[in-house]
1. Using +1 at the Cβ of each Lys and Arg and -1 at the Cβ of each Asp and Glu in the stretch 71-130, identify which of Gly130, Gly77, Thr102 lies farthest towards the dipole's positive end.
2. At Val152 and Asp185, where each label point lies 7 Å from the Cα along Cα→Cβ, what is the point-to-point distance in nanometres?
3. Could you point to the residue in Asn286, Gln219, His302 farthest towards the positive end of the stretch 214-312's charge dipole, with +1 and -1 charges on the Cβ of Lys/Arg and Asp/Glu respectively?
4. Need one number: nm distance between label points at Ala76 and Leu271, each 7 Å from Cα along Cα→Cβ, rounded to one decimal.
5. Could you order the peptides 31-44, 78-91, 265-278 from most to least packed, using the average number of other C-beta atoms within 10 Å per residue?
6. Among 47-59, 286-298, how do they line up by average Cβ neighbours within 10 Å per residue, starting with the highest?
7. Taking 51 Å as R0, compute the FRET efficiency from the Cβ-Cβ separation of Thr57 and Lys23 and round it to 0.05.
8. Taking the Cβ of Ser108 as the center, what net charge do the other residues with Cβ under 13 Å away carry, scoring Lys and Arg +1 and Asp and Glu -1?
Amino acid sequence: MDEKQLEAGFQAKVDAEQKIEPKDWMPADYRKNLVRQISQHAHSEIVGMLPEGNWITRAPNLRRKTVLLAKVQDEAGHGLYLYSAAESLGAARADLNDQLLTGKAKYSSIFNYPTLTWADIGAVGWLVDGAAIMNQVMLCRTSYGPYARAMVRICKEESFHQRQGYEIMCVLAKGTPEQREMAQDALDRWWWPSLMMFGPSDANSPHSAQSMKWKIKRQSNDELRQTFIDRTVPQADFLGLRIPDDKLKWNEATKHYDWGEIDWTEFNEILKGNGPCNKERLEARNKAHDEGRWVREAALAHAAKQAKKQAA
Ligand code: 3HC
């Protein structure tokens with residue numbers, strides 16, 4: 001079959017809700033788009049460990065410490081699943097890692113904000129993992145098989161992440177005045193950056209149209225963002241905390257919340273590497289990579305020795 005016929009056959013499979021598997025024929029751009037998105041998703045998981053890891057040694061008690069340890073370890077596992085999904089498309093993990101370490105590849109803008117107080121750990125679990133779940137539940141239905149299957153497992157763990165964060169916020173919001181204030185301060189700082197996680201507005205999203213046609217994306221950036229807002233505002237009401245958006249108001253006619261406007265300049269500055277923690281995050285990842293060199297070398301040497309023994 002010629003390229004046109006192959007493309008038609010591929011699109012028919014996608015339209016018939018058949019999963020595309022690694023060995024199936026796929027347009028080069030489908031593969032390229034998926035390696036881009038999946039690898040950046042994986043980078044987000046790995047870099048996402050840093051802001052929370054910052055509080056493991058300072059958690060207020062042993063229970064909080066063990067829960068946070070478990071969450072951060074989960075994120076590492078999510079990253080490894082996603083790198084494996086990217087490898088099933090022919091991408092080399094070393095190349096993907098290099099793209100992150102040299103600043104060529106993106107990771108989610110949200111991880112370039114500092115975690116200043118313990119309440120931030122609550123807000124990150126509640127809002128950041130809450131936003132990630134919106135997006136990742138949708139990705140359980142993505143057309144690429146290995147990505148969709150990785151999402152099913154990740155979403156199960158993500159809901160524990162969101163719940164533990166919201167529980168921290170409940171305890172603080174119902175605690176002493178200082179604790180309430182700390183919770184409100186965290187919500188003030190994490191609300192708008194969490195909305196940016198869903199990406200640019202649909203009108204400014206270069207990948208969305210094609211990703212929707214190939215069913216990589218099943219809902220648009222703005223649609224998911226609106227669902228997140230509609231679900232999260234009542235949770236903030238329950239906490240008795242105020243969402244930092246004067247334009248936020250329930251619209252009975254649309255059955256959605258009307259809300260203000262994201263500061264896209266801030267978003268674009270972060271994507272350019274000019275966020276509060278961009279430099280620190282890349283330095284931390286490069287330091288970890290350098291310090292881990294001996295482990296990689298030892299593992300490769302052992303594998304080579306084993307292979308030689310088997311060949312003999
Ligand atoms: N941060 C950084 N870059 C972003 C971004 C964000 N919040 N939103 C969009 N971008 C980038 C895109 O990567 C793309 O740049 P590129 O062409 O260099 O890759 C550009 O902005 C245009 O955006 P589009 O909307 O056109 O791009 P996509 O169609 O890829 O949509 C997305 C963006 C919705 C983030 C999509 O890539 C996606 O669903 N990714 C998978 C989910 C993901 O990565 N989530 C990040 C958080 S993971 C997480 O939070 C872990 C949890 O455990 C805490």
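1. Toward the positive end, the furthest listed residue is Thr102.
2. A separation of 4.4 nm, rounded to one decimal place.
3. Result: His302.
4. Rounded to a tenth, the inter-label distance reads 3.2 nm.
5. Taking the mean over residues of other Cβ atoms within 10 Å, the ranking is 31-44, 78-91, 265-278.
6. The peptides rank, most packed first, as 47-59, 286-298.
7. Calculated value: 0.65.
8. -1
Laboratory data are not the source of any read-out in this text; all were calculated from the coordinates shown. On a predicted model such as this, the values are computed, not experimentally measured, just so you know. All Cβ positions, even for glycine, are placed from backbone atoms using ideal geometry, and neighbour counts span all protein chains on display.
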